[in-house]
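Each remark here refers to the structure printed beneath this line.
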Amino acid sequence: MLLFVLAAVAVIVVVRWVAARTGLPAAALLPLIGIAYALLPGPNVGLDPDLVLMIVLPPLLYSAALDSSLLDIRRNLRIVVSLSVVLVLLTGVLVGIGFHLFVAGATLAAGIAVGAAIAPPDPVAALAVGRRVNLPPKMVTIIQGEGLLNDATALTMLSVAVAAAVGGEFSFPSAVGQFVLAAVGGVAVGAAVAWLVRLARPFTADPLLSNAISLATPFVAYLLGEELHVSGVLAVVIAGLIVGHKTPQLTSGAARLQTSAVWRLVDFLLEGFVFLLIGQQLPEVVKGLRQYDTSTIVIAVAVSVGVVLLLRPAWLVMTQSLPRSLHTRLGGISEQDDPDEPGTARQIERADRNARRLTSREVVALSWSGTRGVISLAAIFTLPLTTNSGAPFPDRDLLLFCTFVVVLVTLVGQGMTFAPLVRMLGLRANETDQARVRNEARSAAVEAALARLDEVAAAEPDSTVAVNTIRTQLLARLARYRGRLDLLEQSGSEMPTSPEYETALRVRRTTIDAQREELVRWRDSGRLPDEELRVLERELDHEELLLPKRASS
């Protein structure tokens, strides 16, 4: 097992390296490698659905929620809820109806079960590609928000369908009540866990304690939700969104830096393992197909893949045709939303752009971003082997195969082609606008610091020297930020370049490298202990981290 884990890590690292240099998404390459391994003679790794749902899913969802914006999701709430709740439910129902009508011997409940499993997109592949091609922030928010909420919808729907298939009875009012209870309970549990994390604030100044609490939070939320028979997945998401929104007030700077690094490593390894695991399930899902006619398999796969690929663009086109007033009430924002903070004309303009309907190019890109992943496979593997009467669960092997094909088609097919599609559509974030926002915020922060210095100088007469020194540094920084803003205003929509400032950045990086080399020489000559070297290196690392990647950023 240890050898297998080490080999998997090696494969993940190599694939990440290849993906960075070729532009191919690692999330699409890893399943193909998993399939190649599964076809070789020797031991294989099976998918334990309980392990995925309890150990893998909570940290991945929580990390994604921490990096999401609660305010941006609220601004795009209409489209996020439309995709993550309504479209998921509609996909499950239509797949179920398709199975019931066209697949010989299939029941409606079994069809809805597979529909619920394949309904929720896994945004990992789409987001990885989208960030690499600099997808606009609004698109990233929609894909991210959809991926956070759709798993809870799908898993709740799956449990209702399985209960009907196993027991042979289905009550629509009972199903709706169960769904609402699970959703409301999940939100309440997530908010309660976030409140508990906030109570732990006195302990989060220590980065190690902050990391320990952060790593435990998603599991606490999930287990508490499941124990109370509500949506543990939704509890994890809500806890992550609230904690992520409150992180600036809850944790110290050192804790945030370390926690962010830890979660990046967790994401990298877990995502790599689960995508390898997807490919290795091929023998398991194929071995039970001998009992089905080829025509039955083809029809079942066609129904599953067809609904998944065709319903999403049709739904996006239809929902974007709703009246503007309904669009705003259901989730957009307008300049009248916050009368106490009317903002500048530019801020209102940005808010209006954020609240507008999706363009045709954005609809096309979102239509192709619905890649499915390990959650679909884990969900379908939870289907029981038998019903309450002792009979085999209807068409279980066929449902497994259909889910695997949908995951493979979307993950490899859409994952491989999403980047070229985005480039062809010309969808790119406005780098100039992003840089302008950052420098406006930096200027406002420095002005607040200068105002606070005046208060300190008035309250503490002995601090004059220190205040004047810091004020000089802040004024120089403010002048630099305002200079960047002037450069951005003059450039219009083009991202400006400043050869002088680029040279200054290169020189600063060169001097930092020289300092590191000298410190190592001191250590090697015995004049500087390793412990002190690490302290000084950390100072230089933070100094280098503060340098912008581009002169105007």
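The values are calculated or read from the model by the stated rules, or taken from the named source; none is laboratory data. Nothing here was measured: the structure is a model prediction, and the numbers come from that model. With ideal geometry, Cβ positions are generated from the backbone for all residues, glycine too; neighbour counts draw on all protein chains shown. For the accessible areas, the whole protein counts, side chains as well, though only heavy atoms, and no ligand, DNA or RNA atoms are used. Shrake-Rupley method; radii C 1.70, N 1.55, O 1.52, S 1.80 Å.
Can you find a residue that is touching an Asp or Glu at 6+ places or on another chain (Cβ under 7 Å) and either outside any helix (DSSP H, G or I) or in contact (Cβ under 8 Å) with a residue 40 or more places away in the chain (or both) anywhere in segment 4-21? Give the steps one after another, and end with the answer.
To start, the set of residues in segment 4-21 that are touching an Asp or Glu at 6+ places or on another chain (Cβ under 7 Å) comprises none.
Checking segment 4-21: not a single residue is touching an Asp or Glu at 6+ places or on another chain (Cβ under 7 Å) and either outside any helix (DSSP H, G or I) or in contact (Cβ under 8 Å) with a residue 40 or more places away in the chain (or both).
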Would a scan of segment 93-101 turn up a residue that is among the aliphatic types (A, V, I, L, M) and under 25 Å from the mean Cα position of the chain (by Cα)?
no
In segment 446-463, residues that are exposed (fewer than 14 other Cβ atoms within 10 Å of the Cβ), over 22 Å from Ala479 (Cβ atoms) and not acidic (Asp, Glu) total 3
Please verify whether segment 277-285 includes one or more residues that are of a type outside the set (Lys, Arg), closer than 16 Å to Leu53 by Cα and open to solvent by 10 Å² or more (accessible area, probe 1.4 Å).
yes
Does any residue in segment 191-204 that is within 15 Å of Gly244 (Cβ to Cβ) and touching a residue at least 40 places away in the same chain (Cβ under 8 Å) come within less than 7 Å, Cβ to Cβ, of a residue that is assigned to a helix (DSSP H, G or I) and small (Gly, Ala, Ser) six or more places away or on a different chain, and which pairs are these?
Val193/Ala221; Val193/Ala235; Val193/Ala239; Ala194/Ala239; Thr204/Ser210; Thr204/Ala255
Give me the residue from segment 22-47 that is in contact (Cβ under 8 Å) with a residue 40 or more places away in the chain and not in a helix (DSSP H, G or I) and, out of that set, surrounded by the most Cβ atoms within 10 Å (Cβ to Cβ).
Pro25
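Being under 27 Å from Ser260 (Cβ atoms) and at pLDDT below 90 is true for just one of Ser552, Ser498. Which residue is that? Give the derivation first.
Details: Ser498 fails: under 27 Å from Ser260 (Cβ atoms).
Step by step, each of Ser552, Ser498 is checked, and only Ser552 is under 27 Å from Ser260 (Cβ atoms) and at pLDDT below 90.
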Filtered residue count, segment 169-220, keeping only those that are closer than 22 Å to Gln258 by Cα and aliphatic (A, V, I, L, M):
14
Before we move on, is Leu505 open to solvent by less than 60 Å² (accessible area, probe 1.4 Å) and at pLDDT below 90?
yes
State whether the residues of segment 275-292 include one that is of a type in the set (Asp, Glu), in a helix (DSSP H, G or I), more than 19 Å from the chain's Cα centre (by Cα) and more than 30 Å from Leu199 (Cβ to Cβ).
yes
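Looking at segment 131-247, what helices (runs of 4 or more DSSP H) fall wholly within it and have at least 1 residues that are farther than 17 Å from Leu53 by Cα, in contact with a His (Cβ under 9 Å, 6 or more places away or on another chain) and modelled with pLDDT of 85 or more? It would help to see each step written out before you state the result.
Working: elements: 137-167, 172-199, 207-227.
Result: 172-199.
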